[in-house]
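Take a look at the structure set out below.
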Amino acid sequence: MTSRRPRPPSGGWTRLPLVAGAAGAAALAVHTAVNTRLLRVPPAARAVDELVSVLLPMRDEADHAAPCLRAVQASVELPHLEIIVYDDASTDGTGDVARELAGGDSRVRVMDGSDLPAGWLGKPHACARLAGQARGSVLVFVDTDVTVAPDGIARTVGLLREHGLDLVSPYPRQDAVTVAERLVQPLLQWSWLALLPLRLAERSPRPSLSAANGQLLCVDAAAYRRAGGHAGVRDAVLEDIALLRAVKTAGGHGVVADGTDIARTRMYRGWPALRDGYAKSLWAGGGSVGASAGQVGVLTWLFVLPAVAMLRGSRMGLAGYGAGVAGRMVAARRTGGRAWPDALAHPLSIGMFGYLTALSWVRRRRGTAIWKGRPLAEPPPAVGGNRRYGNGNDLRFHREAPEPQ
């Protein structure tokens with residue numbers, strides 16, 4: 001009697017990793033849905049009875065300076081408001097645009113930038129200079145590519161005070177137009193909605209439970225100073241996350257929040273800008289080559305392996321792929337992104353993230369990255385011997401600092 005060979009697993013794949021990956025994708029889809037219900041939403045705007053300092057670091061942003069500054073000037077429910085612009089040695093007339101808009105508005109001041117001191121990166125230095133001139137009890141940092149709603153700043157301050165937090169980071173709506181933007185940008189909100197337990201992160205002092213976005217970041221001035229301000233994270237490529245970690249270390253609390261209705265931005269316009277923007281700093285999300293490879297490997301296992309197995313006829317692969325798509329759709333609908341058909345390309349998005357991470361490490365090692373006209377050499381010596389570039393335990397797709405050295 002001729003014995004039959006056992007049939008290989010569906011599609012020829014080893015079944016256990018596929019089943020585990022599909023189950024992990026499903027669990028993250030559920031976690032994403034839970035987080036959308038727990039996500040802090042800024043309350044309705046009410047008059048803010050304290051001095052609020054809105055701080056705008058600008059470098060070569062002539063095209064964005066006017067819309068950004070006009071939007072802040074149009075803020076409501078802020079009877080005590082000061083607006084400080086830092087022109088970081090721009091060469092395109094950014095400072096002139098800001099000064100023209102500031103004319104006749106006593107709330108606005110424009111500062112001239114200076115050379116970077118040794119050991120500083122550009123964005124932390126600009127923010128530190130701004131904070132040094134601020135008089136408010138609340139500091140609100142806004143990137144130039146962000147346009148806030150008239151009630152956006154007041155609602156952000158209200159969120160900070162209503163929940164007794166020291167730092168909040170309402171994530172702006174991310175506009176994505178080109179194919180490359182639509183593949184990559186939605187990973188920003190999806191990453192922390194899928195991977196970060198929001199309520200635990202809000203109160204936990206653990207550095208790994210931190211997510212923030214320097215595009216719109218609001219911090220209590222006293223807590224900011226207790227944490228050492230941006231001087232304490234002067235060498236951090238991901239200065240927004242580093243600042244939140246410093247606030248937590250100093251005993252404070254903070255969390256990322258929903259900024260969909262109060263601010264919006266288009267971070268990058270097209271593939272070249274997007275590629276160079278992420279390549280300059282994605283390496284910092286892992287902190288080491290091994291940790292970054294681990295991040296990409298886990299995401300590939302959870303979201304790419306099932307999709308490949310599905311194409312080979314695996315029903316389990318189809319289930320895992322469907323779970324990944326469902327999680328992306330939930331995140332997109334909650335944060336104002338395009339859910340359909342973009343979510344169908346989630347495995348391609350993960351693949352793009354892997355490519356950009358690898359490119360980021362290559363450029364860092366070769367010293368070939370340039371941003372805002374400044375070469376990105378090896379990171380400067382860490383302050384106090386403690387580098388603040390990332391945490392190997394983090395799997396989040398970090399939002400990068402827009403104006404490093």
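The shape of the chain can be summarised by an equivalent ellipsoid whose semi-axes, obtained from the alpha carbon gyration tensor, come to 39, 22, 19 Å from longest to shortest. Each of Ala44 and Asp261 was given a label point 7 Å from its Cα along the Cα-to-Cβ line. The distance between the two points is 1.0 nm.
How would the range 77-125 be classified by its alpha-carbon gyration tensor: rounded, prolate or oblate, with rounded meaning a/c under 1.5 and the a/b versus b/c comparison settling the rest? In terms of gyration-tensor shape, oblate. Using 7 Å Cα-to-Cβ label points, what is the Arg315/Val362 separation (nm, one decimal)? The answer from the label model is 4.2 nm.
Read the figures in this text as sums done on the coordinates, not as results from a lab. All values derive from a computational prediction rather than experimental measurement. Counting neighbours? That spans all protein chains shown, and the Cβs are built from the backbone with ideal geometry, glycine included.
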